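Below is one structure, written out as structure tokens, with a few remarks after it.
The values are calculated or read from the model by the stated rules, or taken from the named source; none is laboratory data. It should be emphasised that the depicted structure is a prediction, and the values quoted were computed from it without experimental measurement. A quick note on method: Cβ atoms are made from the backbone with ideal geometry, for glycine too, and the neighbour counts reach across all protein chains shown. These area figures cover heavy atoms from the full protein model, side chains too; ligands, DNA and RNA do not enter into them. Shrake-Rupley method; radii C 1.70, N 1.55, O 1.52, S 1.80 Å.
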Amino acid sequence: PITPGELLCLGSSLAFSSLFYYLYRKKARVVARIQEAPKLQVDDDLPALVSAADGRCLPYVALEGIVLPAKAALTSHYHEGLQGVIQKLLLKEHRLIWNSLARSW
């Protein structure tokens with residue numbers, strides 16, 4: 001004999017398990033695409049390759065090469081001797097509009 005409360009708990013457990021498995025599989029596909037990304041060298045052929053690509057965009061690639069920081073390289077707090085640079089910093093400001101009904105921006 002199964003009570004309605006047990007059925008509710010079983011159903012909600014299956015629903016949550018299904019949802020989390022779906023999200024896990026979705027992220028696993030993205031990780032697999034990133035790991036299979038082609039490795040390109042930073043050289044003179046790279047701009048021509050990007051301009052020849054569909055939409056002038058390469059979805060997932062790993063760029064290998066030497067870059068120089070503008071000021072100072074970023075150092076890792078977790079791995080000694082590991083350094084990196086930021087390629088581009090984009091700041092996007094959203095336009096504020098006064099909403100007279102809600103009386104807020």
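Residue count for the stretch 48-70, restricted to those that are assigned to a loop (DSSP other than H, G, I, E, B) and either within 21 Å of GLN35 (Cβ to Cβ) or at pLDDT 85 or above (or both): 7. State all residues of the stretch 84-105 that are outside any loop (DSSP other than H, G, I, E, B) and farther than 25 Å from ARG33 by Cα; if no residue qualifies, say none. Residues satisfying the conditions are ASN99, SER104.
Residues are listed down the side, and each one gets a yes or a no for (1) in contact with a strand residue (DSSP E or B) (Cβ under 9 Å, 6 or more places away or on another chain); (2) among the hydroxyl-bearing types (Ser, Thr, Tyr); (3) open to solvent by 100 Å² or more (accessible area, probe 1.4 Å):
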| position | (1), (2), (3) |
| --- | --- |
| ILE2 | no, no, yes |
| SER12 | no, yes, no |
| PHE20 | no, no, yes |
| TYR24 | no, yes, yes |
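Taken over the stretch 79-89, the residue count meeting the criterion of being open to solvent by 90 Å² or more (accessible area, probe 1.4 Å) and within 21 Å of the chain's Cα centre (by Cα) is 5.
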